[in-house]
Each structure stands twice: as structure tokens, then as C-alpha cells.
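The values are calculated or read from the model by the stated rules, or taken from the named source; none is laboratory data. Treat the numbers as computed from the prediction; the structure is a model and nothing was measured. Here the Cβ is made from the backbone with ideal geometry for all residues, glycine too, and neighbour counts use every protein chain on show. Note: areas computed on protein heavy atoms with side chains; ligands, DNA, RNA excluded. Shrake-Rupley method; radii C 1.70, N 1.55, O 1.52, S 1.80 Å.
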Amino acid sequence: MLEKTYDSAAVEPKIARKWDEADAFRAGANAKPDAETFTIVIPPPNVTGSLHMGHALNNTLQDILVRFERMRGKDVLWQPGMDHAGIATQMVVERKLMEQQLPGRREMGREAFIDKIWEWKEESGGLIFNQLKRLGASCDWSRERFTMDEGLSAAVLEVFVTLYKEGLIYKDKRLVNWDPKLLTAISDMEVEQIEVKGNLWHLRYPLEEGVTYQHPVAFDEEGKATEFETRDYLVVATTRPETLLGDTGVAVNPEDERYKSIVGKHVILPIVGRRIPIVADDYADPTAGTGAVKMTPAHDFNDFEVGKRTGLRRINILNIDATITIKDNEDFLEGLDDPEALHGAWDELEGKDRFEARKIVVRIMEEAGLLDAIEPHKHMVPHGDRGGVPIEPRLTEQWWVDNKTLAQPAIASVREGRTKFVPKSWENTYFQWMENIQPWCISRQLWWGHQIPAWYGPDGQVFVEKTEEEALQAAIQHYLSHEGPMKALVEDLLENFKPGEILTRDEDVLETWFSSALWPFSTLGWPDQTPELERYYPTNVLVTGFDIIPFWVVRMMQMGMHFMKDADGNPVEPFHTVYIHALVRDKNGQKMSKSKGNVIDPLELIDQYGADATRFTLAAMAAQGRDIKLATSRVEGYRNFVTKLWNAARFLEMNECFRVEGFDPKATTLPLNRWIIGATARGAAAVTKGIEDFKFNEAANAAYDFVWGTFCDWYVEFAKPVFMGENEAAKAETRATAAWALDQILAILHPFMPFVTEELWAETGKTGPARENLLILGQWPDLAGLEDAKADAELSWLIDVISNARSVRSEMNVPASAKLSLVVVGASETTLARLVAGTSLITRLARLEDITPQATAPANSAQFVVGEATWALPLADFIDLAVEKARLSKEVDKLNAEISQIDKKLGNEQFVAKAPEEVIEEQKARRQAAVERRDHILEALKRLS
RNA sequence: GGGAGUAUAGCUCAGCGGGAGAGCAUUCGCUUCACACGCGAAGGGUCACAAGUUCAAUCCUUGUUACUCCCA
């Protein structure tokens, strides 16, 4: 006997163990012979990660697809794995060392630190997998991969070396986003623009000796200058005054009348004393600030470009940690004549943090009378998304991927429909991103990650090979074949060769996304040509959030199409469908974040409501193209659904609805059973279509409506009198049908609610023929051809009569306990025939005494119309004539409104001429039905007065 | 500044060129022999605003307003 309520906390671990013991998640489990494959690679969570709502949604949707296809008999692989998460992991372990007051990473050195990270990974990494298992994710855990494991590292080496030799990876000195906290370059995508309240400081830059210009100070109504003053200085506006130290020019717009006369002249840079030119460039916006912009080409992306166009010097004035370096900075000192007078200021600034230096620069300028104005200013400041501090553009040598070249096949694939986004609107975003793609900076000044396979010779010559051995061979060959001092040096070194003497390895590692870009094929064994690679690549669908389209999706497409080729050498996409799901927000539509305190922890939901309710909620709310605003009341509602299902099964169990060997739904005879069988088929088809179309909400709602609204609310109620009756044949058929229908229900709900359905599958398996398999390895219902229109019509008539009778009772305030007689007037043969079998059901569900056909309705009756017949409830004791009249009149009004609306349409010649025939017919039919119904009610009304 | 999206019941959201829907919430009634995490019933919407296309617009087009997101 089943318990009264379902105890998810007790059942879930038990079911998880069963799946595990049956090896049910293994690739190919339940596959039919010659089955097609269905492959999904999991978006690898960070090794440092823990489950949040986004993961819960992402993995629920994948698991629904995977369980669905597994039940359909496909050869399913859901490939799990984790990402080594370079910066994040390094930060976690560094923090841990600090907490334990152990030596920092620099003290312990690279090798020891990396060992520490591996240690940490073994102990506390991958927590998220246990959490995913609690959610029910049926990944093939035996195939778990890690972006730093041996095989994936081999894939990284192969890709890096190949792309380098093809010229698609190169080293370049450019401005990069530099994180002064983490001391590494980061990619554009890791930069977050955050609005900051700052100031716009207006600074005076004196023009060099003898130079002046006329600056407008008053204007007429049309904005024309009417008065000028003679100035021997320029005013520039800046949000970062400390960068003044690295200024090498001032830019004005070539069309700007104010400054035309001084283009090509010079200013003397305050504090520094450098003579720097005034240049003309379109970048300067005459309407912004003062129209004159200070240029710091080594510390600003725009200035860098302007500087390139106008030939300005680049002077770096910041250390890697964004402290000021000028005193021993050759770059800075070059070109300065006699700076002694300024040494005081330099001493003060040297070594100061950039924000400290900002204050000092402002103070010095103010003291010198060169601070014109301070204007409060809100602006966007780029921040590193990991370190959380403002980034500094910094001129460094880094490794780059030629993204533009790799993007072309990936763009074509989407254009030509070989890769589809669902919903399609994301394709726009994709194109927008791909067509403006920038070179991708892949080197990071970190220790945790794939170290770049590049070695440098004594003269800095670079050798990129998969191993040091190969690099050394390449180096020797290179040096010995070129005459010159290097040849002698290398020959000499080779005499007493010690490793490391000729070559030194590049210290940098690759950014995390580089290895995840290879995920769809590296996890299958590439670069080895494994059977898995052959069988499961390309994958079928990628399920992910839109926020990582540029980080991950496009890069997988680029790499996949570059490295994976079919027999004819054509690129093979890593997947053909990209399903982009929503962001999970809180119930007010706010992004969940720790700082706002509005985070809903999926594990707490699972604890409180169960994994099934949590999953079902996410699926039911996953409408395409819309964010999910999650309220726990919804989860509670679906928890109730789980209980409802449980109790329906419990009811069937109590009534001995056991499965029958060889039950054939087509052979049933009772309309009740033929109807529920057809309805089950429709329900299953709707769920199937929903999942196939990635409309998870439609699938979930179809299942919910059918199970609760049809099976529980009507079928089970109809079955009760049968179970309590004397007709043994009817009882047997209904029991068998009910058991069959529950089996189908468990199957169609399984992808959404795997635990409770698996548990009920086991419980219901205790009677009747033995189950062949766990439900996870069961069969997806394919029930086409089981519908019976006659049974459907009969049952919907029954439901109609009962609903109407209930409604009238309720509206007339008839006490629930009162049992009434129902009179049917004007009943056709069909109705009378239906009543033979239906009377017991109607009386039971509408709480009636009996039903009798009569020629006329009794006086003081409440009446309703179903089909051709009028039904009357004699309510002598309860009826309030006025209330009943009002109720019927209201319905007449409604029908009249509908009729006149249709008449208006049908009276319109244009409509009759142009509308399709079936639309006109439909309107006529609707009018007919409304008129008949109205007339019946009018008659009923007449009888009342 | 550029781009995208959204606007439908109190809330959260489906839907759709031809009859306005669900869940939750609300109200009323119910110890109806699975389930109160339940059963039955009810109320509630100018489908943001304006114009256009159409025989017909909540739906298509354009504009406006508001909100959200992405990029700069």
C-alpha cells in the first residue's frame, strides 16, 4: 500500500541508486539495434562551481531531452565534464592558502602551487556533479572529462600547434585589457562595463611659449561666437587625470573652428614638462567636453588608435599592478630636458596606486592654478569580471587567435541553415557578434591552465611544438642552418647540453575558453580517431544560456568546423541545433545575485519540494524567448501535482487496478475506457511534439492538463461507480484500462519527473506481469490510432451535463448535501440512450437523486441546456425566482451579443465575397448553435414567469 | 549612441488573422468512501497607446510610451 503522501527525500536517493546499479545512464543504454545516436555535451560547469538556478534549468532541459530520446530507443550519450576555470580556480586556491596562513603561490613556486590546485580539485572540486545527480541528471558519469586531463590537454596542444603553423595563432604586441589585481591579460568578453559616479576634471595645458589662440566665450542666439578671449592654454577634460603622466599629444577635431589655428603647435605637459603636439583627428568630438582630448596612447584603446594615425609616442607609466612608474622609466624620461624642478612631484607620485596618484595629480594641478573645473560625471568603467577592479589597457605581447578567419565557415553554417538557433531570433545576435569579431587574446599570465607550447631560443626566436623535445629539434635545426653568432652559441651549448639551456618555455597559459572550444570533439577522444568520436560526433543539440554564445558557442563552431571534416573534407559542425534558454530571475524579474539576497538555491527547492517538482517547474516555465521569473509558489503548485499523481496511483492500487498481461487498448468496449485511451494518446502526442519542438512548457502543460484535468478529474471519478458496481466484466476492463493508462502517464511524465515516476513504476510492478525494465529504460508511448470519436462525443456530453448541473446548483446556492431530481425535457433518442449508461455517473458526480425524462419542465426549476435537451432541476425549496431569471437572462444576453456579432459579419458583402468558405461555414454553424441555445433558454425563462 | 526583446486577468505567463486562455492568488460552498499538497463553483481583461494594411487585427506594418537586456 502506498503512503498517503509522496516522500521525495526518502525516495530520491533510493531511485538514484537503482539507476546507478542498472548502469542506466551509460551511453547506448536502452538503444534499439541500429539506433540513431543522440548526443549532447554538457556545458561544462566550473570545477569551483556549485549548482545555481541557471544550471538547474540548463540541465533539467538537457535531461528531459536525453531521457525522452533514450526511451525512444536512440543511442544516447550525454557527455559530462568540468572546466578547469583558470582564474577562478587559481583565486580559490590562493584564498585558501591565505586562510590557512600557508605560503602564497609566489613563495611556493609554480610547480608546487599547481600540485596544490590538483590536491584541492581532488578534495573539493566538482561538488556540482553531486548536485546535478540530485537533480536527476542522467549523464554518462563514467565518461566524465576535465579540460585539464591528459586527453583534453593533448587536444589543446594539437589545436594550438596546428593553428600556429597555419598562421591562425600569432604573437602580437597590442593594447590588452589588463587586470591589475589578477596581473593578467583578459579578453574583451571578460570585461564588464559598470556605471561609476566619477568626475570629469577640466585641466589646463599651457601652450608653448609665444603661442596663443582666440577662444569663444559669448554666443548669439544662433550659437555663433560673438566674443573671444585670447588664451595661452588649452583645456582638456578627463576622467583619469593620472594618465596625464603618459600623455603624448592633444587631439582636436579638424573641423573645429576654435582650434584650427593651433593644430600642429605644442603644449607643455604640466608636472612632466614634455612638449607634446596638438593633432587633428576625427575622434575628437567638438560637442563633448571642451572638444580637446588628451592623448595617452599606451593606456587607452581610442588614444592608441589616434596615436597610430597621428604618429604619437606611447609611454607606459604604470607597473603591472597599476602603480606609477616614472623615475626610472626610460620611456618616460626620454625626451625630457631639464626636469629637476619637477622632481618633487615625481617623487611623490612614484610607486603610488593609480587612484592615489589621481588625487595627487589633481591636487598639484589645482595648486598650480591649472584645474579649471570639476564636473560630476557618470560613466561606464571597464571592470574585470573576475577580479572586480577597473581594468587598465596595457601594451603587452600576447598570443592571439585570428578569429575573423575562423569565423567565416561558422557564419556560413548558420546562414545556410546547417546550424539552427532555437529560438531563431538569436541568429541575429550571432551574426552581429560574428561579423564584428575581433582577434581573440588567449594568453593569460596565470599558472593554472594549459601552458602555451612555445619555447624561446637565446635570441628570442620562438618555436611552437607539442613537446619540448620537438621544439628543441626545431631550434637546433633552425640555428645550425643560419650562419652567425647564434650558430656558434648553440653549437657550444650543445657540447655540454643541459635541458633548459637553449630553450625557455613561455610562462603563460591559455585562457579557459580555449579548451572548452574543443569540448564537442575533445571529450570524445580527439585527436585520436576513437570509435566514440566516429559514432557520437557531431552532437545533436547544444542547450545553453545566451550569455555564453560569444564565449563558447561560436568558438566551438569555429574550432569544430576547422578541425572536424567529413570524408569529402567538408567541415562538420559540432551540433546542428543550438537551443538557447532563458535566464532565471527572481519573482520580480531581478537578476539573482548574492548581493541582492534574492538567490533561490535549487538544492533548497529540492530539499523542500523534491527534485521532480523543481524540474517540472523549470520545464513548465521555459517558454522560448522569455526569461523565467521564478516564484516558489509555482514550485509548490507542481509539488502538489506530484502528490496528485501519487494519490491517483494510490487510488488505483486500492481498487485493484493491476496491469494485465497482453492488454490491448483497441479491444476495450466501454466508451469510458475507449475515451480515456484516446485521450491518453492525444496527451502523449502533445507531449512528444512539445519536446521535439523544444517547447518544454507546452509539453509540461499538456502532461499536467491531461493527468490532472482529464485522468484524475474525470476518468477516475467515472471509474468509481464501476469499481463499486456489480458488473464484473466492466470492472475488469476498467481496472485493466486504468492500469494501462497509468503506465502511459508514468512514461510521458518520466522525462520531467523521473523520481516519482520511477518509484511508482516499481510499485505498480509488484502486481501483474513482471516489469522488464526500469522506467528510465522503458518505452516512450506511441499511441497513434487509438482515438474513438463516438466515445469522445459521449463522454464530452456526459461531462457537459455534469458541469452544467454542478454549476446551476452552486449558483442557486443549493446546499451540497441536498440530493435533487433532474428532469430532462425534449431528449432525443441518442440522449435517452446515453442516459441508460450515464445516469449513475451523472447522479453521482452532480449529487442527484435520479434523472427522469418528462414532457415539460416542472415549475420552479432551474434550467440549463445541453445539446437539444433542456435539463431542469426542481428547486421548490431553494429557488429564488429572481436569481434564476437573472442568471438565464444574463446568458441570453451573452448569446444575443454573439449572434448579432456574427450577423454583422455575415451581413457584410465583402466578408461573404472574400472570406474562405470554411470560415463562413464555421460562422454560420456557430450562429445556428447560439440561436438554438438561446431559444431553449428563452423557453426556460418563459416557464419561470 | 547602436541593436534586440517585452507590454494580454491582482501576480506569473501561454496563445493567435475569424469564438479572449492557464497556473497561482481572490470569493463562495464542501469531513463526496485517492488526495485539504484536496473537491466543486464563481468573479476578474479597451489584449500599452495611436495610425495603417485587411472582408476581418489582441495577432501583420509603422509610430509613440514604458520596462528589460546586449553592445559602445
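Scanning region A:521-541 finds one or more residues that are aliphatic (A, V, I, L, M) and over 30 Å from A:Glu470 (Cα atoms).
Restricting region A:555-613 to residues that are farther than 22 Å from A:Ala517 by Cα, modelled with pLDDT of 85 or more and surrounded by fewer than 19 Cβ atoms within 10 Å (Cβ to Cβ), the residue that is farthest from RNA strand B (Cβ to nearest atom) is A:Ala567. Scanning region A:59-87 for residues that are under 23 Å from A:Arg134 (Cβ atoms), touching a Lys or Arg at 6+ places or on another chain (Cβ under 7 Å) and in a helix (DSSP H, G or I) yields one hit, A:Thr60. The condition of being more than 10 Å from RNA strand B (Cβ to nearest atom) and surrounded by 17 or more Cβ atoms within 10 Å (Cβ to Cβ) does not hold for A:Thr669. For region A:37-58, which residues satisfy the criterion of being part of a loop (DSSP other than H, G, I, E, B) and more than 17 Å from A:Val553 (Cα to Cα)? If the condition is that a residue be part of a loop (DSSP other than H, G, I, E, B) and more than 17 Å from A:Val553 (Cα to Cα), then A:Val47, A:Thr48, A:Gly49, A:Ser50, A:Leu51, A:His52 are the ones that fit. Within region A:377-389, being open to solvent by 30 Å² or more (accessible area, probe 1.4 Å) and closer than 18 Å to A:Thr239 by Cβ holds for A:His377, A:Lys378, A:His379, A:Met380, A:Pro382, A:Val389.
The set of residues from region A:761-792 being exposed (fewer than 15 other Cβ atoms within 10 Å of the Cβ) and β-branched (Val, Ile, Thr) comprises just one member, A:Thr767. Note on region A:465-548: enclosed helices (runs of 4 or more DSSP H) holding 1 or more residues that are among the hydrophobic types (A, V, I, L, M, F, W, C) and open to solvent by 50 Å² or more (accessible area, probe 1.4 Å) are A:468-480, A:485-495, A:512-516.
Scanning region A:136-151 for residues that are within 20 Å of A:Trp120 (Cα to Cα) and among the hydrophobic types (A, V, I, L, M, F, W, C) yields a total of 2. Among the residues examined, A:Leu841 does not qualify as within 16 Å of RNA strand B (Cβ to nearest atom), in contact with a helix residue (DSSP H, G or I) (Cβ under 7 Å, 6 or more places away or on another chain) and part of a strand (DSSP E or B).
Annotation: of all residues in region A:89-103 being touching a helix residue (DSSP H, G or I) at 6+ places or on another chain (Cβ under 8 Å) and not in a loop (DSSP other than H, G, I, E, B), the one that is nearest to A:Pro45 (Cα to Cα) is A:Thr89. For A:Lys905, the criteria (1) more than 13 Å from RNA strand B (Cβ to nearest atom); (2) under 20 Å from A:Arg934 (Cβ atoms); (3) open to solvent by 40 Å² or more (accessible area, probe 1.4 Å) hold in every case but one, which is (1).
Contact annotation: residue pairs with Cβ atoms under 7 Å, 6 or more positions apart or on different chains, pairing a residue in region A:881-908 that is under 15 Å from A:Val808 (Cβ atoms) with a partner that is modelled with pLDDT of 80 or more and among the β-branched types (Val, Ile, Thr), are A:Leu888/A:Ile937; A:Glu891/A:Ile937.
A search for C-beta distances below 6 Å between a residue of region A:755-777 that is within 19 Å of A:Leu135 (Cβ to Cβ) and any residue that is open to solvent by 20 Å² or more (accessible area, probe 1.4 Å), counting only pairs 6+ apart in sequence or on different chains, returns A:Val756/A:Tyr6; A:Leu774/A:Ala22; A:Leu775/A:Trp761.
Considering A:Val707, A:Val642, A:Val635, the condition of being within 35 Å of the chain's Cα centre (by Cα), under 15 Å from A:Phe752 (Cα atoms) and modelled with pLDDT under 90 is satisfied by A:Val635 alone.
The condition (being within 16 Å of RNA strand B (Cβ to nearest atom) and over 18 Å from A:Pro751 (Cβ atoms)) is satisfied by just one residue among A:Met82, A:Met53: A:Met53.
Total residues in region A:920-932 satisfying the condition of being within 11 Å of RNA strand B (Cβ to nearest atom) and in contact with a helix residue (DSSP H, G or I) (Cβ under 9 Å, 6 or more places away or on another chain): the figure is 5. Among the candidates A:Glu891, A:Glu884, A:Glu932, the residue that is within 18 Å of A:Val866 (Cα to Cα) and either of a type outside the set (D, E, K, R) or modelled with pLDDT under 80 (or both) is uniquely A:Glu884. Of all the numbered requirements in (1) of a type in the set (A, V, I, L, M); (2) in contact (Cβ under 8 Å) with a residue 40 or more places away in the chain; (3) within 29 Å of A:Ile278 (Cβ to Cβ); (4) touching a Ser or Thr at 6+ places or on another chain (Cβ under 9 Å), A:Ala218 misses one, and that requirement is (2). One residue alone among A:Pro43, A:Pro33 is farther than 22 Å from A:Ile691 by Cα and open to solvent by 10 Å² or more (accessible area, probe 1.4 Å), and that residue is A:Pro33. Note on region A:793-825: among residues that are open to solvent by 50 Å² or more (accessible area, probe 1.4 Å) and assigned to a loop (DSSP other than H, G, I, E, B), the one that is nearest to RNA strand B (Cβ to nearest atom) is A:Ala816. Once region A:877-898 is narrowed to residues that are open to solvent by less than 50 Å² (accessible area, probe 1.4 Å) and more than 48 Å from the chain's Cα centre (by Cα), the residue that is nearest to RNA strand B (Cβ to nearest atom) is A:Arg887. Restricting attention to region A:363-376, report how many residues are open to solvent by less than 60 Å² (accessible area, probe 1.4 Å) and not in a helix (DSSP H, G or I). Going through region A:363-376 one residue at a time, the tally reaches 4. For region A:417-431, the criterion of being among the aliphatic types (A, V, I, L, M), over 30 Å from A:Glu111 (Cα atoms) and crowded, with 21+ Cβ neighbours inside 10 Å is met by none of the residues. Going through region A:713-731 one residue at a time, which ones are surrounded by fewer than 18 Cβ atoms within 10 Å (Cβ to Cβ) and near RNA strand B (Cβ under 10 Å from one of its atoms)? Of everything in region A:713-731, those that are surrounded by fewer than 18 Cβ atoms within 10 Å (Cβ to Cβ) and near RNA strand B (Cβ under 10 Å from one of its atoms) turn out to be A:Asp713, A:Glu717, A:Lys720, A:Pro721, A:Met724. With the condition kept exactly as written, say whether any residue in region A:209-228 is open to solvent by 20 Å² or more (accessible area, probe 1.4 Å) and within 16 Å of RNA strand B (Cβ to nearest atom). Checking region A:209-228: not a single residue is open to solvent by 20 Å² or more (accessible area, probe 1.4 Å) and within 16 Å of RNA strand B (Cβ to nearest atom). Picking from residues in region A:2-36 that are of a type in the set (Asp, Glu) and part of a loop (DSSP other than H, G, I, E, B), the one that is farthest from the chain's Cα centre (by Cα) is A:Glu3.
In this structure, does A:Trp447 turn out to be more than 16 Å from RNA strand B (Cβ to nearest atom), of a type in the set (Phe, Trp, Tyr), touching a residue at least 40 places away in the same chain (Cβ under 8 Å) and within 30 Å of A:Pro43 (Cα to Cα)? Yes, satisfied. Within region A:188-204, residues that are within 15 Å of A:Val389 (Cα to Cα) and open to solvent by 50 Å² or more (accessible area, probe 1.4 Å) reach partners that are more than 10 Å from RNA strand B (Cβ to nearest atom) and among the small types (Gly, Ala, Ser) with beta carbons closer than 8 Å, at six or more positions or on different chains, in the pairs A:Glu192/A:Gly384.
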